[in-house]
Amino acid sequence: MSFAYFDWIAHHAETRGDRTAAIDLATQRRFTYAALDDRIDRLATHLASLGVTRGERVAVLAANTTDILEVQFACFRLGAIFTPLNIRLTVHELAFIIGDCAPVVLAHDQDFESMAIDLQQKCGTRRLLQFGAPYEAAIAASPRLERHETVSLGEVCTIMYTSGTTGKPKGATITHLMNFINAINLGIPVFISQKTVQLCVLPLFHTGGLNCYVNPVLHAGGCVLIMRAFDPGESLRIIGDTTIGLTHFFGVPSIYQFMCQHPAFANTDFSRLRIAGVGGAPMPVPLLKIWQARGCTLMQGYGMTETSPAVLVLDADDAVRKAGSAGRPILHGEVKIVDADGNAVQPGEMGELWVKGPNITPGYWNRPEANATSFTDGWLHTGDAARQDEDGFYYIVDRTKDMYISGGENVYPAEVEDVLYQIPQIAEAAVIGAPDETWGETGLAIVVVKPRETLTEAQVIAHCRERLARFKCPSRVMFIDALPRNATGKVHKPTLRASFLET
């Protein structure tokens, strides 16, 4: 199947052009669908003048801004490939990615100007395009695009690089079909419509920011509010503002942790918030209960960059009854849990989650060896440990690579962390496996205590021993001021291992 352009913005510009499509909170710029459509067309013309053609890459290095969305859709109209970059990475790390995808243009904001120039010199990127005055001047001086490129659903439209916690980052290729399927897979269970107003606080270079739920909202003709960087107090203010009428929000567990610790949490009105989605990491059940007590049920789900990202969604009706579950498979996709030999396990048994369907990446950019080991008969190996209960609901236990073995028993840190979060004095907690002469490995709990609270190692271990099997209990506890996190707010366990396990 092919068509003139894969473009939701153009459709809504024609049918509801005066509706607000996007608001950039940092600059207070507001764009209707008609205005956004016009800007995207003119930007596409400018990118074409810089040498961007079908199949070429356009990289973006910028904090959250509606400009990123314009670059994305301009690339789609040219048949080019949108490549957002992680702004938390160093020049050295970014140089590897840019060398791998070889973009014709690197768009960036002013905060990253020096890095962009450095990267251009190191990697030979042909052109830079700076957001702000140069970007606006380019749009104003360019006519509308004469012809939108004819593309097929199966063509790659985006490359998203994984975090690279083990080895070099890999570029997951995203197709137009994957974006479209995700808009359906997420749009139906979380009730996205033309009336949706969503606040985006996760970075747009990450699939959680771009696709949960920004792209599905734009697909439906709703409105997205783009926050430059997450701020818990400002997020709570926007959620409770009656004039904004926010209906949708999405965050990783730490986002909800930070908001519930903010003084404004107790008095925020959540009554207009229809969906508060959470994913990206196992959600501590105690944290779910804190939000439930405020009348806000968090809707859990599971996905990854390579899967568009939706794989599992927990319907709102089941959110309380099945608290802690990531839900059941989305409409267009298949899942199964397998053992080390690739055989399906029984309900209740632990295994690795495999996924298959039109929502799955066709492979990694320039990585034939990774493609050979990441797929079996079309099934993508997620690397996540999971189990299924007797009702068919799936539970993501942890990353298989974060699991450690203590005395011959598998220990999944997320299960231990869930117990740690039951301690009222704990603000943040993470568990890693540490070498042990007797047991092979035992748990090391790394804990952040709330301000003006006190807690001892003995208290933490005693709490765990009352609630966990002995082999799951941490043998040591370390106290620090803050846990290291990546750009999406996930705890970065490689940093913890490097800090606490290196001798």
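The values are calculated or read from the model by the stated rules, or taken from the named source; none is laboratory data. In this text, all values refer to a predicted model and were calculated from it rather than measured experimentally. Because the Cβ atoms are built from the backbone with ideal geometry, glycine has one as well, and the counts that use them run over all protein chains shown.
In the set (1) out of contact with any helix residue (DSSP H, G or I) (no Cβ under 8 Å at 6 or more places or on another chain); (2) outside any helix (DSSP H, G or I), the condition left unmet by Thr45 is number (2). The residue list Asp384, Asp389 contains one member that is within 20 Å of the chain's Cα centre (by Cα) and among the acidic types (Asp, Glu), which is Asp384. Residues that are of a type in the set (D, E, K, R) and under 17 Å from Trp354 (Cβ atoms) within the stretch 311-330 comprise just one, Arg328.
Would you list the strands (runs of 3 or more DSSP E) that sit entirely within the stretch 343-455 and hold 1 or more residues that are among the hydroxyl-bearing types (Ser, Thr, Tyr) and out of contact with any Leu (no Cβ under 6 Å at 6 or more places or on another chain)? In the stretch 343-455, the matching strands (runs of 3 or more DSSP E) lie at 394-399, 404-406, 440-449.
Assess whether Glu441 counts as being free of Cβ contacts under 8 Å to residues at least 60 places away in the same chain and under 30 Å from Ile337 (Cα atoms). Spelling it out, Glu441 is indeed free of Cβ contacts under 8 Å to residues at least 60 places away in the same chain and under 30 Å from Ile337 (Cα atoms). For the stretch 276-286, check the following and say yes or no: at least one residue is out of contact with any helix residue (DSSP H, G or I) (no Cβ under 8 Å at 6 or more places or on another chain), surrounded by fewer than 21 Cβ atoms within 10 Å (Cβ to Cβ) and not β-branched (Val, Ile, Thr). No. Could you pull out the residue among Ala22, Ala62, Ala26 that is surrounded by fewer than 17 Cβ atoms within 10 Å (Cβ to Cβ) and under 23 Å from the mean Cα position of the chain (by Cα)? Answer to the selection: Ala26. So which residues in the stretch 131-153 are surrounded by fewer than 18 Cβ atoms within 10 Å (Cβ to Cβ) and either modelled with pLDDT of 95 or more or in contact with a Pro (Cβ under 7 Å, 6 or more places away or on another chain) (or both), if there are any at all? Listed by number, the residues that qualify are Gly132, Ala133, Pro134, Glu136, Ala137, Ala140, Ala141, Pro143, Arg144.
Of the residues making up the stretch 456-468, those that are surrounded by fewer than 18 Cβ atoms within 10 Å (Cβ to Cβ) and either touching a strand residue (DSSP E or B) at 6+ places or on another chain (Cβ under 8 Å) or β-branched (Val, Ile, Thr) (or both) are Thr456, Glu457, Ile461. Filtering the stretch 254-265 to residues that are in contact with a Lys or Arg (Cβ under 9 Å, 6 or more places away or on another chain) and touching a residue at least 60 places away in the same chain (Cβ under 8 Å) leaves Ser254, Gln261.
Residues checked against (1) out of contact with any Phe, Trp or Tyr (no Cβ under 8 Å at 6 or more places or on another chain); (2) modelled with pLDDT of 95 or more; (3) not acidic (Asp, Glu):
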position	(1), (2), (3)
Leu210	yes, yes, yes
Val214	yes, yes, yes
Ile226	yes, yes, yes
Asp241	yes, yes, no
Ile244	yes, yes, yes
His262	yes, yes, yes
Thr268	yes, yes, yes
Gly279	no, no, yes
Cys296	no, no, yes
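Checking the stretch 362-369 against the condition returns no match, with no residue being in contact (Cβ under 8 Å) with a residue 60 or more places away in the chain, more than 30 Å from Cys101 (Cα to Cα), crowded, with 19+ Cβ neighbours inside 10 Å and of a type in the set (A, V, I, L, M, F, W, C).
Taking every residue in the stretch 142-164 that is touching a residue at least 60 places away in the same chain (Cβ under 8 Å) and pairing it with any residue that is acidic (Asp, Glu) and buried (at least 22 other Cβ atoms within 10 Å of the Cβ), at least 6 positions away or on another chain, the pairs with Cβ-Cβ distances below 7 Å are Arg144/Asp41; Leu145/Asp41.
A search for C-beta distances below 7 Å between a residue of the stretch 61-77 that is of a type in the set (Phe, Trp, Tyr) and any residue that is surrounded by 24 or more Cβ atoms within 10 Å (Cβ to Cβ), counting only pairs 6+ apart in sequence or on different chains, returns Phe73/Ile9; Phe73/Ile40; Phe76/Phe6.
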